[in-house]
Amino acid sequence: MPAINCPVCFLTDKNGNILNPYKADAIKYVEVSCRKICPQEQAKLPSGKLVNLYKVTVYIKGYISVFIDNHNFSGPIQFSKIEHLYLYAPPGSTVKFTVKNFSCCAVPVNTEYDIEEMEFKLIVNIDTVVRVLTQIDITVRNSNSLINSGEHEICPDTDEICISVYKVLDHKCFKSKIIINYKKSKKRLLKANVYQYNALSEKDKKTYTSDDELKKYGDKGILNPDDVSYLNLYINGVLQPQVVYKVEENELTLETEDAPIPGAPIIITFITFTDENGEILDAEIYQYNTVSEGIKNKYTNDDEIQMYGDKGILDPSNTSFFNVFINGVLQPKTNYFLKEGLLELKTTDIPQEGVPITVQFVTIKSKDNKFLKADVFQYNAYAQDKKVYTNNDEIISYGNNGIPDPTQTSYQSLYINGVIQPNVNYTVQPGVLTLKTEDIPLKDSPIILQSVCVYL
């Protein structure tokens, strides 16, 4: 293996250009929640007055790049960290952040490597000075108290002037350490274009058009299925078998005997993959459907509801990826075992009798008819009295991958209490999920962020 120079790590912008870390806004600091007064946290002012401190939550983010032989080897890699600070920061005050020290280190994980598949542990250390400022007015004597007006000097009404300045209410220095595992791969990530049509069901109505779309969530209407790789239909949070509906451009027709209950959410997700030439890649969807008997944890091809399909449980190794839903809720992989012809539930509790069990198989094919493999990651948390969720909120028994960088995924889907959410309802950053809805989810509702990575 030929020798190479040691890798070095620099702070960069999102395009990979090296930045001075001590320049303003080279590293972003954003308050991500309202300040909360903490009576149990107090401090004494220089005047001797005892005051309550406020909990200030700040989101720190930026980009780093690994350079080898003066070449940007990695491209920009986003880093982020949530810090909770206790400061005397009463309403009306401003919090300012200044980088005091910054360092970035790239440590090779593998000693024998192909340079095109090097793996690094990236360690970012930031020392930050935070100051709490408030604007005050002070009065000072005007050194030029006489005003010359032609032949006479006129005394103004006052010989004082008012100046607005900032007063420092509190300050401290805090340290942030961020560790990122980075591996460069020869595999090329395919980005997907995702659009979500949202409507609400109406009494006895089975046909919905683009005019029924809830415009606050999107305005593209019902897309032409020929212009996308595949689509999913959810009614009241439950993924629907393909045989119970028909989708055409601008129109959805439900072919069930009964119409959905009034007010139930009707959601169509359109997912589109394109190759390097911009051509749409085809995808095959198959859905195994059964219902829980309330007494067993193993389901086979014989349990399939034949009116919805008759292919049984496919071999998952011959598909791009798969999803398992129980009662409309996407399941973590720790909850089941899947192989050709068999689904075994590994949970302590058995689903109640009559609960729908669905296994969805997605096979995305290249233009030469080869199926593309995908990695799927699932972040699980329980809803609390807040709108910001981090890696620390993850239910470790279901996984510990945290919240991935959305730029490193093909697409992401958020489910809250079993219902897939419109993209406008949330934002995702590395390690941070922020809900943008007015209301918070019901306490202990499952929050599931699925990240799909399809590779060419």
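Throughout, read-outs are computed from the coordinates displayed, never taken from laboratory work. Since the model is a prediction, treat every value here as computed from it, not as a measurement. Neighbour counts are summed over all protein chains in view; Cβ atoms, including those assigned to glycine, are modelled from backbone coordinates with ideal geometry.
By counting other Cβ atoms within 10 Å of each Cβ, how are LEU189, LEU53 ranked from fewest to most?
Details: LEU189 15, LEU53 20.
Fewest-to-most ranking of LEU189, LEU53: LEU189, LEU53.
Please list, ordered by chain and number, the residues whose modelled amide H lies under 5 Å from the amide H of MET118; skip anything fewer than 5 residues away on the same chain.
Those qualifying (amide H under 5 Å, at least 5 residues apart or on another chain) are LYS184.
Would you pull out the residues with amide H under 5 Å of LEU19's amide H, same chain only if 5 or more places away, H placed 1.01 Å from N?
Those qualifying (amide H under 5 Å, at least 5 residues apart or on another chain) are LEU11, THR12, ASP13.
Sequence-distant or interchain residues sharing an amide H contact under 5 Å with ALA264, placed H: which?
So ALA264 has HN proximity to SER201.
Taking other Cβ within 10 Å of each residue's Cβ, how do VAL129, VAL452, VAL376 sort, fewest first? All intermediate terms of the calculation are to be shown ahead of the outcome.
Numbers: VAL129 14, VAL452 23, VAL376 17.
Ordered by Cβ neighbours within 10 Å, fewest first: VAL129, VAL376, VAL452.
Through the Karplus equation 6.51 cos²θ - 1.76 cosθ + 1.60, θ set to phi - 60°, convert the phi angles of the range 440-453 into ³J(HN,Hα) values in whole Hz; use x for Gly and Pro.
8, x, 4, 4, 6, 5, x, 10, 10, 10, 9, 10, 10, 10
Students often get this wrong, so check it: of LYS36/LYS177; LYS44/LYS172; LYS96/LYS177; LYS23/LYS436, which have C-alpha atoms separated by over 22 Å? Mind dumping the intermediate values first?
Numbers: LYS36/LYS177 25 Å; LYS44/LYS172 14 Å; LYS96/LYS177 20 Å; LYS23/LYS436 30 Å.
Pairs exceeding the cut-off: LYS36/LYS177; LYS23/LYS436.
For the range 190-455, count the residues as N, evaluate 2.2 N^0.38 Å, and divide the Cα radius of gyration by that value, please. Before the final figure, lay out the partial values.
Working: Rg = 18.1 Å, N = 266, 2.2 N^0.38 = 18.4 Å.
In units of the 2.2 N^0.38 Å rule of thumb, it is 0.99.
If each residue of separation counts as 0.36 nm, what is the full-extension length gain between THR256 and GLN306 once their alpha-carbon separation is subtracted? The partial results should precede the final answer.
Numbers: separation 50, 0.36 × 50 = 18.00 nm, distance 1.53 nm.
Taking THR256 through GLN306 to full extension adds about 16.5 nm, to one decimal.
Could you give the spread of the C-alpha atoms of the range 320-456 along their three principal axes, from largest to smallest, in whole angstroms?
45, 40, 24
With a cut-off of 8 Å between alpha carbons and a minimum separation of six or more residues, what is the relative contact order of the range 190-455 in percent? Write out the running numbers ahead of the final one.
Details: 608 pairs, mean separation 49.2, N = 266.
Relative contact order for the range 190-455 comes out at 18 percent.
Go through [x] 1.09; [y] 0.95; [z] 0.99 and flag the label whose value is the computed Rg/Rh (Cα atoms, Kirkwood Rh) for this structure.
Working out Rg/Rh (Cα atoms, Kirkwood Rh) from the coordinates points to [x].
Taking the Cα centre of each part, how many Å lie between the range 441-456 and the range 234-269?
Using only Cα atoms to place each centre, the spacing works out to 22 Å.
So, in nm, how far is label PHE371 from label CYS6 when the simple model puts each one 7 Å beyond its Cα toward the Cβ?
Each label point lies 7 Å from its Cα, and together they span 4.7 nm.
If you put +1 on each Lys and Arg Cβ and -1 on each Asp and Glu Cβ, how big is the dipole of the chain around its Cα centre, in Debye rounded to 20?
2000 debye
Test of understanding: ordering VAL99, VAL124, VAL140, VAL291 by Cβ neighbours within 10 Å, fewest first, what list do you get?
VAL140, VAL291, VAL99, VAL124
Quick one: Kirkwood hydrodynamic radius for the range 287-355, alpha-carbon pairs, angstrom, one decimal?
Details: mean 1/r = 0.0804 Å⁻¹.
The answer is 12.4 Å.
List, largest first, the extents of the alpha carbons of the range 384-436 along their principal axes, each in whole Å.
Taking the Cα atoms of the range 384-436, the three principal extents are 29, 27, 18 Å.
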